[in-house]
Amino acid sequence: MSLTMRFRCHWLLALVFAFPLRGHAQWRTLGNADSLRDDTPASITAFSGDATLRIEILSPTVARIRATKGDGRFAPLTSWAVTGKLPTTTVRKARQGDTIHLRTDGMTVSLTLHPVRLKFDDAGGRTLNEDAEKGIAWSGRQVRAWKVMPPGEKYLGFGEKAGLLNRRETHMTMWNTDIPAYTADTDPLYQTIPFFYGITDVGCYGIFFDSPYRSSFDMGKESRSEYSFGAEDGDLTYYFFAGPTAAQVLEQYTGLVGTMPLPPRWSLGYQQCRWSYTPESRVREVAAQFRALRIPCDVLYLDIDYMEGYRVFTWNGKSFPQPRTLLADLSREGFKTVVIIDPGIKVDTAYQAYRSGLAGDHFVRRKDGTLFVGDVWPGPCAFPDFSSAAARTWWGKQFGPLIADGVRGWWNDMNEPSVFNTLTKTMPLDNRHRPDWGPGGHAALHNVYGMQMTRATYEGVRSLSPDWRPFVLTRASYAGGERYAAAWTGDNVASWEHLKMALTMCLNLSVSGQPFVGSDIGGFIGYPSPELFARWLQLGVFTPLMRAHSAINERNKEPWEFGDRWTAINRATIELRYRLLPYLYTVMEQASRTGTPAMRPVVFTSPLHRNRWTGEEFFFGNDIFVAPVLSEAQTRRTVTLPEGGWYDFWTSQRYPGDTTITVDAPADRIPFFVRAGAALPTQPVVQFTDEASLDPLILLLFPPHPGGGGTSDLYEDDGSSFEYAHGAFARRAIGLRSTDRELRVILSASEGSYVPPARQLVLRVAGEARRPTRVLVDGRVTPERIMETGGRESASWEEDAKSGGILLKMPDRRESVTVIITY
Ligand code: GLC
């Protein structure tokens with residue numbers, strides 16, 4: 001063998017050992033139990049050689065499983081995600097031969113001792129999930145759990161994943177990565193949410209594998225009968241949620257990791273971004289164009305060029321000489337300004353943020369203790385150690401001057417963290433973080449770096465301006481990150497495929513606990529056709545974050561850049577968003593209170609449709625079902641409606657549920673449907689959310705089947721402060737009851753102490769061509785006016801609300817009112 005050949009062989013061997021093929025690692029499985037310990041009435045620990053397994057029942061439907069190897073002692077339980085306390089429960093323990101059962105009213109966790117294996121049954125005794133033969137195993141520092149994968153079981157969740165909703169037969173990695181122009185197969189992406197649902201014909205369960213280390217999920221790609229999840233290092237800690245419905249699993253999960261705080265209402269308006277609006281005159285021009293063309297908009301973004309040499313917390317004196325005046329002028333025109341804040345702090349001893357960060361020892365260090373320096377936009381940068389409470393506090397204080405200048409929102413980017421001049425695109429894994437997190441280095445913190453950055457931002461801004469709800473937008477995050485920031489899906493591409501991916505990714509994020517999501521409308525990279533932009537904007541109406549963005553060097557992509565016909569279409573689309581704002585705000589309040597997201601896939605919501613794994617149709621809140629157009633030149637849309645009755649929003653045509661229909665979808669119309677029995681709260685078009693909103697309040701009524709009924713909600717508050725947390729909100733239920741000749745609208749008295757501004761109320765009945773013969777309010781008072789009810793085929797929601805419907809004085813919030821409309 002020549003020297004070169006030998007060298008080649010060695011090199012090949014080295015590769016094989018350095019990167020053992022998946023599944024070829026030597027795994028040491030958890031064996032027979034040597035002993036048991038009854039820790040508390042709700043937990044039990046099994047010892048097997050040098051491995052230990054603990055089961056803790058946290059609530060009637062939630063269990064925590066932990067496994068460790070070594071001296072049998074668990075490291076102190078730490079979690080970046082879990083903050084919540086669950087309701088405690090009574091656990092009944094029983095031994096039956098080789099098995100210990102821990103029973104609650106909602107589930108049974110069974111531990112078999114020879115070998116140590118787990119099984120989870122629902123309250124009815126049906127098995128939801130059980131360990132596969134390999135159970136839990138270790139290989140070096142890696143740890144992994146294997147589960148039986150019954151035929152037909154499918155998997156939903158996993159946070160920001162592109163491709164299909166059903167993740168069966170896929171392998172996924174969790175490692176926050178800056179990956180521009182990703183494709184449907186690219187994995188991993190920017191965010192880590194190691195939480196998923198197993199959905200079968202009989203039920204649903206959830207698993208949250210709480211590991212910040214690089215982790216992976218093999219959902220039957222390697223084997224047809226088992227799936228597995230594991231991490232490169234650390235103890236194994238996972239939470240099991242017994243459901244039994246997907247909505248309950250999510251409620252149990254968000255009970256642990258928390259929900260999104262209620263966003264400021266303005267952040268639900270249309271947001272316009274590009275890399276970059278600069279100089280100041282260009283920002284003014286864009287703002288003026290929105291107002292001149294009467295295209296509503298609430299938010300303008302400043303990307304990296306507003307800064308002095310990309311130094312965060314500074315202004316570029318040349319292009320933004322008077323930021324305070326600029327922002328005040330924008331604010332007068334109804335615009336909020338959001339600026340980008342990246343984590344990298346330029347190494348520059350003349351730069352205040354660098355000097356104070358260094359003086360306070362707030363930066364990440366190399367293993368040898370020297371400062372870690374890596375390149376990002378400003379060139380060489382130091383990186384704040386967001387895992388340290390002291391560094392977070394220091395970071396939070398940096399926002400003071402920008403807040404004083406009038407900045408109202410914060411866009412945290414590059415926080416995977418992304419580092420340019422390394423092969424791994426991030427910092428070395430053995431970089432040192434603060435001792436308050438313990439050992440593990442960057443490898444143990446990489447996936448939470450972005451989340452902790454948003455935490456530092458959120459908490460800092462909140463303490464500096466306690467009367468405002470902070471708006472933070474992030475690219476990287478970890479489970480529970482919704483407590484601090486909304487998320488967008490990174491650097492996508494202007495293509496029809498990416499439009500589809502945007503929807504799947506937003507749905508996956510939504511069911512993974514992050515409801516405040518959106519994609520770069522129109523595509524970040526590349527230039528969309530007018531039609532693609534218009535369709536993307538239409539989908540944007542039904543993504544909580546509605547933000548258009550564009551990369552540098554791309555042609556302008558503002559909504560008016562595609563020719564007059566498309567300007568009119570795009571304007572009407574954004575107007576639709578503003579009309580629906582009272583509904584949208586109500587839906588987002590529900591998400592913040594219960595964790596149930598605005599965007600819900602059919603399979604999440606509708607137990608009868610467990611097999612409808614479509615990522616192309618979705619619920620938006622309780623009462624709207626959306627079937628967006630996601631393909632080029634499509635002007636008709638076939639859609640399978642969920643159970644119940646549904647009205648086409650545009651035509652008021654009524655359809656029974658569980659049917660497949662085809663509707664018109666011309667370029668200016670996104671097909672969507674409203675539940676029969678719903679009252680949709682809407683408002684007239686405004687140019688920005690605070691502009692005289694909500695007068696009148698327009699309730700669009702979608703009558704239930706004669707004999708039937710339905711209930712919707714309306715939630716309101718001041719839209720910007722935290723007073724709602726002290727009771728200053730107004731929530732009303734709106735009930736509908738129908739007979740052949742009559743529609744009853746029952747407005748409940750309002751819950752909460754918030755007094756909405758005085759206004760009128762317009763009731764409009766969908767699909768009703770008849771003019772009412774009589775309208776009674778509480779049996780007595782007649783309405784102010786019965787306006788012409790269109791009665792045309794298009795029920796004319798598109799026209800000014802004042803052209804049709806029944807105009808009433810808005811009832812006092814303390815009153816419950818019944819309106820009877822007779823035909
Ligand atoms: C990253 C972001 C992108 C931003 C750009 C410049 O690529 O994902 O949204 O415009 O950086 O800041």
Per the list (1) within 27 Å of D430 (Cβ to Cβ); (2) touching a residue at least 60 places away in the same chain (Cβ under 8 Å), residue check on F208 breaks on (1)
Restricting to the range 208-222, count the residues that are in a strand (DSSP E or B) and over 16 Å from D235 (Cβ atoms).
3
Return the only residue of W488, W468 being at pLDDT 95 or above and away from the ligand (no atom under 15 Å from the Cβ).
W468
From (1) surrounded by fewer than 12 Cβ atoms within 10 Å (Cβ to Cβ); (2) within 23 Å of R144 (Cα to Cα); (3) modelled with pLDDT of 50 or more; (4) not small (G, A, S), pick out the condition that doesn't hold for L21.
(3)
Yes or no: the range 123-141 includes at least one residue that is farther than 30 Å from K93 by Cα and not basic (K, R).
yes
Answer yes or no as to whether E784 is closer than 21 Å to T689 by Cβ and at pLDDT below 90.
no
Could you look through the range 308-317, keep only residues that are touching an Asp or Glu at 6+ places or on another chain (Cβ under 9 Å) and either away from the ligand (no atom under 16 Å from the Cβ) or assigned to a loop (DSSP other than H, G, I, E, B) (or both), and pick out the one that is nearest to T474 (Cα to Cα)?
V312
Kindly provide the set of residues from the range 493-510 that are polar (S, T, N, Q) and either surrounded by fewer than 24 Cβ atoms within 10 Å (Cβ to Cβ) or touching a Leu at 6+ places or on another chain (Cβ under 9 Å) (or both), ordered by number.
S495, T504, N508
I'd like to know if the range 390-405 contains one or more residues that are within 15 Å of the ligand (Cβ to nearest atom), of a type in the set (K, R), surrounded by 17 or more Cβ atoms within 10 Å (Cβ to Cβ) and on the phi < 0 side of the Ramachandran plot.
no
Within the range 642-686, residues being at positive phi and within 26 Å of the chain's Cα centre (by Cα) number 0
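Residue-wise test of (1) modelled with pLDDT under 85; (2) under 24 Å from T573 (Cα atoms); (3) in contact with a Gly (Cβ under 8 Å, 6 or more places away or on another chain).
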residue: T773; (1), (2), (3): yes, no, no
residue: A795; (1), (2), (3): yes, yes, yes
residue: D800; (1), (2), (3): yes, yes, no
residue: S816; (1), (2), (3): no, no, no
residue: I820; (1), (2), (3): no, no, yes
In the range 353-378, which residue that is of a type outside the set (K, R) and assigned to a strand (DSSP E or B) is nearest to the ligand (Cβ to nearest atom)?
V376
For the range 414-430, give me each residue that is within 16 Å of the ligand (Cβ to nearest atom) and out of contact with any Gly (no Cβ under 9 Å at 6 or more places or on another chain).
K425
Subset of the range 519-559 [away from the ligand (no atom under 14 Å from the Cβ) and in a loop (DSSP other than H, G, I, E, B)]:
Y527, P528, S529, F542, T543, P544, R555, N556, E558, P559
Is there a residue being without any contact (Cβ under 8 Å) to a residue 24 or more places away in the chain and in contact with a Gly (Cβ under 9 Å, 6 or more places away or on another chain) anywhere in the range 458-468?
yes
Quick one: count up the residues across the range 268-286 that are closer than 30 Å to V376 by Cα, in contact with a helix residue (DSSP H, G or I) (Cβ under 9 Å, 6 or more places away or on another chain) and more than 14 Å from the ligand (Cβ to nearest atom).
5
Only listed residue being in contact with a Leu (Cβ under 8 Å, 6 or more places away or on another chain), charged (D, E, K, R) and within 22 Å of S267 (Cα to Cα), chosen from R731, R744
R731
For the range 723-740, which positions are touching a residue at least 12 places away in the same chain (Cβ under 8 Å) and either in a helix (DSSP H, G or I) or out of contact with any Ser or Thr (no Cβ under 6 Å at 6 or more places or on another chain) (or both)?
E723, Y724, F729, R731, L736, R737, S738, T739, D740
Scan the range 35-63 residue by residue and report those that are crowded, with 20+ Cβ neighbours inside 10 Å, in contact with a Phe, Trp or Tyr (Cβ under 9 Å, 6 or more places away or on another chain), touching a residue at least 40 places away in the same chain (Cβ under 8 Å) and assigned to a strand (DSSP E or B).
A51, L53, L58, V62, A63
Consider the range 503-519. How many of its residues are under 18 Å from G157 (Cβ atoms) and touching a helix residue (DSSP H, G or I) at 6+ places or on another chain (Cβ under 7 Å)?
7
Filter the range 189-202 for residues that are more than 16 Å from the ligand (Cβ to nearest atom) and under 20 Å from G513 (Cβ atoms) and give the result.
T192, I193, P194, F195, F196, Y197, G198, I199
Tell me whether the range 165-188 contains one or more residues that are free of Cβ contacts under 8 Å to residues at least 40 places away in the same chain, in a loop (DSSP other than H, G, I, E, B), crowded, with 18+ Cβ neighbours inside 10 Å and away from the ligand (no atom under 16 Å from the Cβ).
yes
Of Y301, Y227, Y239, the only residue that is assigned to a strand (DSSP E or B), within 16 Å of the ligand (Cβ to nearest atom) and either among the aromatic types (F, W, Y) or surrounded by fewer than 24 Cβ atoms within 10 Å (Cβ to Cβ) (or both) is Y301
Which listed residue, of T325, T349, is away from the ligand (no atom under 16 Å from the Cβ) and closer than 12 Å to A382 by Cβ
T349
Would you list the strands (runs of 3 or more DSSP E) that sit entirely within the range 73-152 and hold 2 or more residues that are buried (at least 21 other Cβ atoms within 10 Å of the Cβ), among the charged types (D, E, K, R) and in contact with a Ser or Thr (Cβ under 8 Å, 6 or more places away or on another chain)?
142-148
Is it the case that the range 278-297 has a residue that's of a type in the set (S, T, Y), in a loop (DSSP other than H, G, I, E, B) and out of contact with any Cys (no Cβ under 6 Å at 6 or more places or on another chain)?
yes
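The values are calculated or read from the model by the stated rules, or taken from the named source; none is laboratory data. Just so you know, these numbers come straight off a predicted model, no measurement behind them. Please note: Cβ atoms are built from the backbone with ideal geometry, for glycine as well, and neighbour counts cover all protein chains shown.
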